[in-house]
Number of protein chains: 2
Amino acid sequence: MREVQQERAFATRQHIIESAAAVFDTAGFAGASLGRIIERAGTTRGALHFHFPAKEALARAVLNEHNSRMSAVVEEITRSDGCALEQIVAISKTTARMIDKDVIVRAGTRLLMELTYTGELPVAYRMWIDACENMVRKAIEDGDIVPTISPDAVAYLVISGLAGIQMVSSVLTGRSDLDQRVDEMWEVLLLGLVPADRRWKVADLLNSAAGERA
Amino acid sequence: MREVQQERAFATRQHIIESAAAVFDTAGFAGASLGRIIERAGTTRGALHFHFPAKEALARAVLNEHNSRMSAVVEEITRSDGCALEQIVAISKTTARMIDKDVIVRAGTRLLMELTYTGELPVAYRMWIDACENMVRKAIEDGDIVPTISPDAVAYLVISGLAGIQMVSSVLTGRSDLDQRVDEMWEVLLLGLVPADRRWKVADLLNSAAGERA
């Protein structure tokens, strides 16, 4: 296949994934029909099937794309100058904002929830917990998190808390208070996690977060 | 209708709800067919339709029953002798255990998650957050929670955290670490919520919880 054809095939594939995400986002996995996705993408059944044999493959592609966008955010922020604790807070706030702005992230989040029980899920949660645990260990080394707490327990609570807040905020306010609720989670968590001699950092972390939101 | 007939109709209705819960628990809302529920209940299509016009009505009945079982736990524990903070911890631990033991609670939890996006949900989360917020206010009055934190923010985080932990624990371990993860949530939260002069209470709260689990 010539290069230009490969590029075109890749662009079509990406366009189909974006269109499928838009349909999964509004209709959910069960409610999304291939017909609607084809209509939304303005493509043909043949073109769709060339790239994706079935709806499951489309959902998996959306989840993979979701995963790589989240990983990109994590990598970018961990390469930044901030200390580990700042980075943990920044990553959770940024991913909450991505749910609002990026249809792939929104659809991926919905699919993750809806497919929780199928046992076929990618191990996204495990990966996020592990990444967060590493950063918590780093923050403990930095003296920014008390050393008496299990890094795994903190990471599990942060990731579960974000997942739960996203879910409850969807139900109650269509996610309009999502950013506020993530900020409040950090207000409560930082109270206990940050040792007395680093409490001056907390106001900074929370204020800069409120500033970004405004 | 004579009393004995009314009783029999009520018993049939309850039996159908339990059977529907068992099917929703394993197959989810989309995967549950009326045929499977009828088969499971050992009843007829006519009897089912007499009580429930459609699958939506069955799901709603399971969610209502879930809600009243949760409310019963909350009422029982709030009538107990413990202080408000003890009660909040006890309620969250008990509801986590109920997910393991009670098929109605298990099915209700799954339906709540799966139907999050339909906009047709009962306001269960709102009710739980409000109930928790009242108890947090009481714990602040008791001096067991620091007065500088918003009771609504704490309640929102506790309920969202429990919902998220349930979801993540389902995905990663089929809920086998659910009790442990709820205990760990409280270890992290109590670090920040309990003022210095009440820290002696924390060990008690966490130990008694570990004892119950063992």
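The values are calculated or read from the model by the stated rules, or taken from the named source; none is laboratory data. Note that the structure is predicted; figures quoted are calculated from it, not measured. Heads up, the Cβs are rebuilt from the backbone with ideal geometry, glycines too, and the neighbour counts pull from every protein chain shown.
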(message) One residue is enough: does region A:43-66 have a residue meeting the conditions touching a Ser or Thr at 6+ places or on another chain (Cβ under 9 Å), without any contact (Cβ under 8 Å) to a residue 24 or more places away in the chain and buried (at least 20 other Cβ atoms within 10 Å of the Cβ)?
(response) no
(request) Hey, could you check region B:20-42 for residues that are buried (at least 20 other Cβ atoms within 10 Å of the Cβ) and farther than 19 Å from B:Ile99 by Cβ and say which is nearest to the other protein chains (Cβ to nearest Cβ)? (result) B:Ile37
(message) If I go through region A:138-165 residue by residue, how many of them are surrounded by fewer than 19 Cβ atoms within 10 Å (Cβ to Cβ), within 23 Å of B:Thr173 (Cβ to Cβ) and touching a residue at least 24 places away in the same chain (Cβ under 8 Å)?
(response) 1
(message) Quick check on B:Asp25: is it within 15 Å of the chain's Cα centre (by Cα), over 30 Å from A:Ala27 (Cβ atoms), modelled with pLDDT of 90 or more and acidic (Asp, Glu)?
(response) no
(message) Only one of B:Ala153, B:Ala163 is part of a helix (DSSP H, G or I), within 9 Å of another protein chain (Cβ to nearest Cβ) and at pLDDT 95 or above. Can you tell me which?
(response) B:Ala153
(message) Test of understanding: among A:Asp100, A:Asp130, which residue is surrounded by fewer than 22 Cβ atoms within 10 Å (Cβ to Cβ), of a type outside the set (Lys, Arg) and either modelled with pLDDT of 90 or more or within 19 Å of B:Thr109 (Cα to Cα) (or both)?
(response) A:Asp130
(request) Please work out if B:Glu120 is modelled with pLDDT under 95 and either facing chain A (nearest Cβ under 7 Å) or outside any helix (DSSP H, G or I) (or both). (result) yes
(request) State the number of residues belonging to region B:34-76 that are under 24 Å from B:Tyr125 (Cβ atoms) and among the aliphatic types (A, V, I, L, M). (result) 10
(message) On the basis of being polar (S, T, N, Q), under 18 Å from A:Leu191 (Cα atoms) and out of contact with any Cys (no Cβ under 7 Å at 6 or more places or on another chain), does B:Ser150 make the cut?
(response) yes
(message) Consider region A:166-188. How many of its residues are more than 7 Å from chain B (Cβ to nearest Cβ) and either among the basic types (Lys, Arg) or touching a residue at least 12 places away in the same chain (Cβ under 8 Å) (or both)?
(response) 9
